[in-house]
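Comments concern the structure below.
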């Protein structure tokens, strides 16, 4: 009986709060940035990745921002993607290329049949 109580108490005391981890960075003009791991503060439940593209004269400027976010609301002039698992805001290209990646085996099957 003492062992069972000890195990229950051990789990209660060793079970800490869960803190979400997100990649964070802000790019300047290039669209790419150096990712750092950030532990989100209490109450923050989403990781976000936003991209804003603007044309300044003849140049097209892309600004990417990643980090912790408490609310996921669409912004103006760019795209925002939110997720709620650890380090889920790493790559933006996955959304664009995943459809082609899924169809490529089918394409090779028909081409090399």
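Modelled with pLDDT under 80, surrounded by 10 or more Cβ atoms within 10 Å (Cβ to Cβ) and in a strand (DSSP E or B) - does that describe any residue in the range 26-49? Looking for residues that are modelled with pLDDT under 80, surrounded by 10 or more Cβ atoms within 10 Å (Cβ to Cβ) and in a strand (DSSP E or B), one finds at least one in the range 26-49, hence yes.
Listed here are the residues, each with its yes/no results for (1) assigned to a strand (DSSP E or B); (2) at pLDDT 90 or above; (3) over 12 Å from residue 24 (Cα atoms).
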| site | (1), (2), (3) |
| --- | --- |
| 51 | yes, no, yes |
| 73 | no, no, yes |
| 79 | yes, no, yes |
| 85 | no, yes, yes |
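The values are calculated or read from the model by the stated rules, or taken from the named source; none is laboratory data. All figures in this text were calculated on a predicted structure; none of them were measured in a lab. A quick note on method: Cβ atoms are made from the backbone with ideal geometry, for glycine too, and the neighbour counts reach across all protein chains shown.
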